[in-house]
Amino acid sequence: MTCLVDLMRPSVGFAAVELLERAGCDVEVPLSQTCCGQPAYNSGDRAHAEAIARQVIEAFAGFDYVVAPSGSCAATIKHHYPQMFADDPDLTAKAEDLAARTFELVSFLTDVCGVTAVSSDYRGSVTYHDSCSGLREMGVQNQPRQLLASLDGVDLVEMEESDVCCGFGGTFCVKYPQISNKMVSEKAKRIESTGAELLLAGDLGCLMNMAGKLKRNGSAVQARHVAEVLANRLDDPAIAQPPSSAGQGEG
Amino acid sequence: MESTAHAFKDNVTTALHDANLQQALGKVRQGFIVKRREAADRLPEFEALRDQARDIKNHTLAHLDFYLEAYEKKVTEQGGQVHWAATAEEARDKIVDICRAADAKVVTKGKSMIAEEIALNAHLEEAGLDVVETDLGEYIIQLRHEPPSHIIAPAVHVTKKQVEADFRQYHADLPPERHLDEPWELVNEARQVLRQRYFQADVGITGANFLVAETGSSIIVTNEGNGDLTQILPKVHIVITSIEKVVPNLDDAMAILRVLARSATGQEFSTYTTLSTGPKRAEDLDGPEAYHVILLDNGRSGMLGGDFADMLRCIRCGACINHCPVYHAVGGHAYGWVYPGPMGSVLTPNLIGVEEAGHLPNASTFCGRCESVCPMRIPLPKMMRHWREREFERHLSPKAVRWGLSLWAFFARRPRLYGWATGMAMSLMAAVGRKNGFFERLPLAGGWTDHRAFPTPQGRTFRAQWAARQRQGEEPS
Ligand code: SF4
């Protein structure tokens, strides 16, 4: 469970659990995890990053697969943990073992579970943003599009430059707010010019950034994690929307 | 060049408010990217060539001393001279000495990033020389007294209208009513003006894309042919280059050339690929009487074998810059020194110090687009992270960031406490913000809420709900 989903949008977590269970998986969520440590790692704080990575390696020992509803958290575990413990062969081996079992949610569903179609009540036009780590580190590109294409009511309209960063970048967006704002403004323009009603992506950080910008611009485009549509979990308001917008609130 | 990298944030503010710059940056965002993609798609072995190019450079760098000595020996055999320069100052002094010995007055220059790195023009001018840039982009920024903003398109930040205005101002002897609306009219005018200067030049200075150890040749690639006239017409040719440019033989150079132009501009090959090997021989029709190579180190040998060694493979194609969304937002001058974009964010701290250039490796989202297109497969984000680690170790990163990280890590390492504290915080935020679904402003989060709304959390955390579900054997509604 990624920390942002845990804190900000648990419904994405439940959507992920549902999708995995429908694909025949037994899902457990160890509560000894908190975060993958990416904020520390990307800020150059190796000591904290390593301490948290150890905790994650422990927490997920013994599971067949580790699946996260985020390309960037999955990439941290899959690609960066094995590089962290260069002078500790024992931990490196454990990190590599974990890495081999770690996947991003949507690509896990299609590539490992062999899911080719899902069902959802969602009706309308959507556009999909390729989050950077998911796309470039985890190879997530066709998988979500394939599952969206299996939904009759969903019309996918591609935006220009869907593979260009939205400007979130974790702590980047508060360390260099002006650049981040310029980037997310460009992204918002491209989202809006598709005419789609709903923006989807596989990473909540990017989604909060883009949804926050669209909201500030007064745009009517809504935003959800792709898992919410794929799992037909649409009762909760979209990101940054008031409860009325989806009919009923959570809780 | 005086660095303003420490003032990166101010530079960013200026860049974002510069309408001409923002208009000009559109060109980078579209043109280069599509052309590179198409060129790469047309060549089935492109990915394999990237591996080969990387391997060639890795091999050469592992035996750099051997290949550099072999190269020097060959240059000397052909009657040329190699001058080793440990620092920028040594390189500049050497070049001024050579110009003085040749009694030079006018110096023509082909495009060279090393010349920018050592701030050559300013020193030549101080020494009383008349310096003429012959690459169109370099010529434009020389007129404008600006540094380059891109390593292969130095004047990419200038609009056509601005070039027209500059030409009208500086080419005052040409008829004022002449037409200068079209790009080709600007090119023709520059060509006319520069043509005179080639013949006046006593010394021609070029850079080098490659140095070939096997033959003692230097290779340049250009699209304007200006480099050829610069190096052939004057009586002295000086190649200003750096130690990592060497490759073992011509085949190796050719293999890397096949990825260079495709990555840079999407061309199969640059229009001119020119080899120069020593001064004019008895049987040659043209060529310089003297041939000098200045081999600059300037901190590069210190990068060998370390965290930043991969950066020495860089062939200055500019692909990482062309694909960088941060560069697209702020342009090259914001980076504050010679090398912009991702390659600059890694290289600049190596060359002028991380105290001065510490912002650069931080100003990246780690989106990874640079690494995905780098023909030499240089792990640029990884090396930016290395810089961040060094800054963190040396307490150069901002106090607020360090403090925030420590606080966050304190909780993140105590799952129960973390669950309790975040549970409280999220419930509170949800209670306050549920009605709107977002916050217009949040204390301590100005960086976020100055520009965008902050979504309200849903309420109970996933952990709390999951724990309840485990207890009850069902999901709470
Ligand atoms: S780092 Fe790679 S992409 Fe960037 S200029 Fe160098 S070779 Fe080209």
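Among residues other than residue A:198 whose Cβ falls under 11 Å from its Cβ, what is the net charge (Lys/Arg +1, Asp/Glu -1)?
Working: positive: A:123, A:224; negative: A:155, A:197, A:228.
Cβ neighbours under 11 Å give a net charge of -1.
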Segment residue B:55-residue B:395, length gained on full extension (0.36 nm per residue, minus Cα span): 118.8 nm
Longer than 23 Å from Cα to Cα, which of B:74/B:235; A:175/B:435; A:187/A:215 are they? Say none if no pair is. A:175/B:435
How big is the charge dipole of chain B about its Cα centre, in debye rounded to the nearest 20, if each Lys and Arg gets +1 on its Cβ and each Asp and Glu gets -1 on its Cβ? 3060
With everything on Cα atoms, drop me the angle between helix A:10-22 and the longest principal axis of chain A, reported from 0 to 90° to the nearest 10. 80
Measure off 7 Å from each Cα along the Cα-to-Cβ vector at residue B:467 and residue B:281, then give the distance between these two points in nanometres to one decimal. 8.3
As a test of the formula, what do you get for chain A when each DSSP H run with n ≥ 4 contributes -39,500 (n - 2.57) and the sum is divided by the residue count, at 222 nm and rounded to the nearest 500 deg cm²/dmol? -12000 deg cm²/dmol
Segment B:321-477 shape via C-alpha gyration tensor axes, a/c threshold 1.5: prolate
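So if a site counts as exposed when it's one of the trypsin sites (Lys or Arg not before Pro), its DSSP state isn't H, G, I, E or B, and it has at most 12 other Cβ atoms within 10 Å, what's the longest stretch of chain B without one? Could you put the intermediate results ahead of the total?
Numbers: sites that count: B:178, B:281, B:394, B:435, B:441.
Maximal segment without exposed cleavage sites: B:1-177.
Can you pull the percent of chain A's accessible area that's carbon plus sulfur, 1.4 Å probe, other chains left in place? Could the numbers behind the result be given before it?
Working: 4120 of 8780 Å².
It is 47 percent, rounded to a whole number.
At a Förster distance of 30 Å, what's the computed FRET efficiency of residue B:179 paired with residue B:17, Cβ-Cβ distance as r, to 0.05? Don't jump to the answer; show the numbers that get you there.
Values: r = 32 Å, r/R0 = 1.07.
It comes to 0.40.
What is the local net charge at residue B:381, summed over the other residues whose Cβ is closer than 12 Å to its Cβ (Lys, Arg +1; Asp, Glu -1)?
Working: positive: A:136, B:369, B:382, B:385, B:388; negative: A:137, B:310, B:371.
Every neighbour counted, the sum reads +2.
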In a shell of Cβ-Cβ distance under 11 Å around residue A:168, excluding residue A:168 itself, what net charge do Lys and Arg (+1) and Asp and Glu (-1) give? +2
Quick one: with all protein chains in place, what share of the accessible area of chain B is carbon or sulfur, to the nearest percent (1.4 Å probe)? 53
Rounded to the nearest 0.05, FRET efficiency between residue A:63 and residue B:187 (Cβ-Cβ, R0 60 Å) equals 0.40
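At a Förster radius of 60 Å, what calculated FRET efficiency corresponds to the Cβ-Cβ distance of residue A:111 and residue B:172, to the nearest 0.05? Present the calculation step by step, with values, prior to reporting the outcome.
Numbers: r = 67 Å, r/R0 = 1.11.
About 0.35, to the nearest 0.05.
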What whole-number value in Å² describes the accessible area per residue of the protein assembly as shown for a 1.4 Å probe? 40
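How big is the antiparallel share of DSSP beta bridges in the protein assembly as shown, given as a percent to the nearest 5?
On the way: 10 of 49 bridges.
Restricted to the protein assembly as shown, the bridges split so that about 20 percent are antiparallel.
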Compare the Cα positions of B:196, B:442, B:53 along the charge dipole of the protein assembly as shown (+1 at Cβ of Lys, Arg; -1 at Cβ of Asp, Glu; about the Cα centre) and return the one farthest towards the positive end. B:442
So which aspartates and glutamates can residue B:35 reach, going by Cα to Cα under 15 Å and dropping same-chain residues fewer than 8 places off? A:161, B:268
Residue-by-residue Karplus 3J(HN,Hα) for segment B:459-465, coefficients 6.51, -1.76, 1.60, Hz, glycine and proline x: x, 5, 5, 4, 4, 5, 5
List the residues of segment B:411-433 for which accessible area in the full set of protein chains is at least 30 Å² lower than for the chain on its own; 1.4 Å probe, protein heavy atoms only. B:412, B:413, B:415, B:418, B:426
With each run of n ≥ 4 DSSP H residues scored as -39500 (n - 2.57), what mean residue ellipticity at 222 nm is computed for chain B after dividing by its residue count and rounding to the nearest 500 deg cm²/dmol? -15000 deg cm²/dmol
Could you work out how far apart the two model spin labels at residue A:232 and residue B:78 are, taking each label as a point 7 Å from the Cα in the direction of the beta carbon, and quote it in nm? 7.3
Under 13 Å by backbone N from the virtual spin label 7 Å along Cα-to-Cβ at residue B:445, the residues of segment A:197-212 are A:205, A:208-212
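Just subtract the alpha-carbon distance of residue B:424 and residue B:271 from 0.36 nm times their residue separation and send over the number in nm, one decimal.
Numbers: separation 153, 0.36 × 153 = 55.08 nm, distance 6.51 nm.
So the chain would gain 48.6 nm between residue B:424 and residue B:271.
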Looking at chain A as a GNM with Cα springs under 10 Å, which of A:73, A:25, A:166 has the largest mean-square fluctuation? A:25
Per 0.36 nm of contour for each residue apart, how much would the distance between residue B:43 and residue B:160 grow if the chain were fully extended, relative to their Cα-Cα spacing? 38.8 nm
Of all DSSP beta bridges having both residues in segment B:44-301, the percent classed as antiparallel (nearest 5) is 25
Residue list for segment A:46-63, given a label point 7 angstrom along the Cα-to-Cβ vector of residue A:90 and an amide N cut-off under 18 Å: A:50-62
Shape of the protein assembly as shown, Cα gyration tensor, a/c cut at 1.5: prolate
Give the A-B buried accessible area in Å², both sides summed, 1.4 Å probe, nearest 100. 6300
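The values are calculated or read from the model by the stated rules, or taken from the named source; none is laboratory data. Because the structure is a prediction, the values reported are computed rather than measured. Neighbour counts run over all protein chains shown; Cβ positions are idealised from the backbone, glycine included. Ligands, DNA and RNA are excluded from the accessible area calculation, which covers all protein heavy atoms including side chains. Shrake-Rupley method; radii C 1.70, N 1.55, O 1.52, S 1.80 Å.
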